[in-house]
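The values are calculated or read from the model by the stated rules, or taken from the named source; none is laboratory data. Just so it is clear, the structure is predicted and the values come from calculations on it, not from any experiment. Note: ideal-geometry Cβ built from the backbone for every residue, glycine included; neighbour counts use all protein chains shown. For accessibility, only protein heavy atoms count, side chains too; no ligands or nucleic acids. Shrake-Rupley method; radii C 1.70, N 1.55, O 1.52, S 1.80 Å.
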Amino acid sequence: MQNLNFINGRWCQSLSGETLPVTDPASEENYAEIPRSGAAEVDAAVQAAEAALAAGWRRTTGAQRARLLRAIAAGIQQQAGALAELEVRDCGKPITEARYDMSDAVACFEYYAGLAEALDGQQGTPVEVSDPRFEVKLRHEPAGVVGLIVPWNFPLVNAAWKVAPALAAGCTVVLKPSELASLTTLRLARIAEEAGLPAGVLNVVCGLGSECGAAVAAHPGIAKVSFTGGTESGRKVMQARANLIGDLALELGGKSAMIVFDDVDLDHAVEWILMGSMYNQGQVCAATSRVLVQDSIFDALLEKLRHAVQGLRVGAGLDDSTQVGPLISAAQRERVAALVRQGVEQGARLLCGGEAPGQLDKGYFYLPTVALDVSRDNVLWREEVFGPVLCVARFGNEAQAIELANDSRYGLAAAVLSDDGERRERVAAQLVAGIVWANCSGPAFIQAPWGGVKQSGFRRGLGEWGMHEFLELKQVTTYTSADAWGHFNAR
Ligand code: NAD
């Protein structure tokens, strides 16, 4: 199947005919191409989205939109096996994780179908005001045309997390997938087309961030941009939106800490550390990348962790037994390797990993890596690595642990492991992060808010908050008294 942009219900090449290669990270083979689009294609997509909104999408009921969202969910479900395999070829992740992603995407469209339906009953909610002659009612109205920019680490899931709430809210969409993993997003557009979504409601434009993504961020016809990606790209998007006074939600990177107190079961702790740090090769915005361990269990936990990390099965994502697949690209592996080299130069000591696996001669693999003696000014402590690289440090007491955990410019997620429930709550309240996991690390639920603080971004995706990101709140105020208002002496 040829991979084309989806604009106004039509499948089309970029205007220049230029393409970008699609590479399998496990074999390094270029096996497909996507269009290399820019401002002109984005403009066509925005015009199509504006026309679709005016032609009737804005006036659909939540119940009508819910039917379409459920049809999209059913379409993903039907093709889940093939989509999971395509996701693995596109971004390298283990097939077991890709299968989970597909069920997450299905659940996401179903969940927002329910919220779209419920929205119908929430229109016209009264607000009590201080003057009884006035009646104030609230309306939730679609923001308009929205621009959705997503990364490559959970390609279909990230698209679903934004497209489903935007459509539920009654917006029309210009979606820009990552140039490194666009294929399942294009399949999503095909599924939406087959589900009967009107032309122009969902448009997908492929291309580079600096060209296509930048054009989405700077387009005056886009009422709101929802961006998920790196902090540096987020800064550029914010600058472009500032020129337009344009609304924006940012979900950016992280450097999340996990605090492990000495009352935990060590084997359980190791499992959650692996889940937090090695899932999707550590290419997770909320990945646990700094583990803080209480002094008295430090050596014992480290020994178990080393054993578990070295036992992880590294290989091609399509192999069912693989636990750690390749990184997304040669550039990403080089970036990870360079950060580890720099970290070692700055005094870190590697417990394991720190190189590509010897037995795999093709693919962008990098061994799961644990770094010790990482000082607070070390690059491995401060920078998001976005790979299977974990720092482990020790702490003495609770106050020190919290201080270390909060020592970051990021604030996406944090975790605390302890058998003491009161301590977990106390610590959770003091961690500066949008998400705190207690006695676990990594789970994301469609019903719960997702997003960070500090340089991890602002606003919340998922849950009802995710849909309200795409709704504008309007007040309709009616003067209900028979008496003249009288301020200007009207008779
Ligand atoms: P990236 O910032 O390079 O790219 C993300 C998307 O933005 C891509 O579609 C890209 O083409 C586009 N883009 C790049 N530069 C742009 C620009 N100047 N203007 C507009 N769009 C632009 O990030 P990535 O490498 O694809 O993904 C990894 C990053 O994403 C990590 O930092 C990770 O933490 C973050 N992330 C955050 C979340 C979250 O929920 N907070 C989720 C997943 C990934």
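Quick look at the values:
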quantity: Number of the exception - G282 against (1) within 13 Å of the ligand (Cβ to nearest atom); (2) closer than 30 Å to L202 by Cβ; (3) touching a residue at least 12 places away in the same chain (Cβ under 8 Å); calculated: (2)
quantity: Cβ pairs under 6 Å, 6+ apart, first in the range 36-53 and over 11 Å from V201 (Cα atoms) and touching a residue at least 40 places away in the same chain (Cβ under 8 Å), second among the acidic types (D, E) and in a helix (DSSP H, G or I); calculated: G38/E211
quantity: Failed condition for L372, given (1) open to solvent by less than 40 Å² (accessible area, probe 1.4 Å); (2) more than 16 Å from the ligand (Cβ to nearest atom); (3) within 17 Å of L431 (Cα to Cα); calculated: (3)
quantity: Any hit, the range 378-391, residues being out of contact with any Pro (no Cβ under 8 Å at 6 or more places or on another chain) and surrounded by fewer than 14 Cβ atoms within 10 Å (Cβ to Cβ); calculated: no
quantity: M275 more than 12 Å from the ligand (Cβ to nearest atom), part of a strand (DSSP E or B) and either open to solvent by 10 Å² or more (accessible area, probe 1.4 Å) or more than 21 Å from E469 (Cβ to Cβ) (or both); calculated: no
quantity: Answer from A482, A433 - the residue that is out of contact with any Lys or Arg (no Cβ under 8 Å at 6 or more places or on another chain), part of a loop (DSSP other than H, G, I, E, B) and in contact (Cβ under 8 Å) with a residue 24 or more places away in the chain; calculated: A433
quantity: Odd one out for G230 among (1) touching a Gly at 6+ places or on another chain (Cβ under 7 Å); (2) over 30 Å from A399 (Cβ atoms); (3) buried (at least 24 other Cβ atoms within 10 Å of the Cβ); calculated: (3)
quantity: Elements of type strands (runs of 3 or more DSSP E) in the range 133-177, at least 2 residues being within 14 Å of the ligand (Cβ to nearest atom) and open to solvent by less than 10 Å² (accessible area, probe 1.4 Å); calculated: 145-149, 172-176
quantity: Considering residues of the range 6-18 that are buried (at least 19 other Cβ atoms within 10 Å of the Cβ) and out of contact with any Ser or Thr (no Cβ under 6 Å at 6 or more places or on another chain) only, the residue nearest to L188 (Cα to Cα); calculated: F6
quantity: Some residue of the range 15-37 being among the hydrophobic types (A, V, I, L, M, F, W, C), touching a Lys or Arg at 6+ places or on another chain (Cβ under 8 Å) and under 30 Å from D319 (Cα atoms); calculated: yes
quantity: Meets criteria (surrounded by fewer than 21 Cβ atoms within 10 Å (Cβ to Cβ), in contact with a Lys or Arg (Cβ under 9 Å, 6 or more places away or on another chain) and of a type in the set (A, V, I, L, M, F, W, C)) for L266; calculated: yes
quantity: In the range 439-458, the residues that are within 11 Å of the ligand (Cβ to nearest atom) and either farther than 19 Å from V416 by Cβ or of a type in the set (S, T, Y) (or both); calculated: G451, Q455, S456, G457, F458
quantity: Failed item in (1) among the charged types (D, E, K, R); (2) within 16 Å of the ligand (Cβ to nearest atom); (3) part of a helix (DSSP H, G or I), with E384 passing the rest; calculated: (3)
quantity: Residue match in the range 418-426 (condition: part of a loop (DSSP other than H, G, I, E, B), open to solvent by 30 Å² or more (accessible area, probe 1.4 Å) and within 25 Å of V157 (Cβ to Cβ)); calculated: no
quantity: Hits in the range 349-373 (condition: charged (D, E, K, R) and at pLDDT 95 or above); calculated: R349, E355, K362, D373
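Residue by residue, here is whether (1) open to solvent by 30 Å² or more (accessible area, probe 1.4 Å); (2) at pLDDT below 95; (3) aromatic (F, W, Y); (4) not in a loop (DSSP other than H, G, I, E, B) holds:
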site: S296; (1), (2), (3), (4): yes, no, no, yes
site: L301; (1), (2), (3), (4): no, no, no, yes
site: R306; (1), (2), (3), (4): yes, no, no, yes
site: S321; (1), (2), (3), (4): yes, no, no, no
site: I328; (1), (2), (3), (4): no, no, no, no
site: L339; (1), (2), (3), (4): no, no, no, yes
site: G343; (1), (2), (3), (4): no, no, no, yes
site: G347; (1), (2), (3), (4): yes, no, no, no
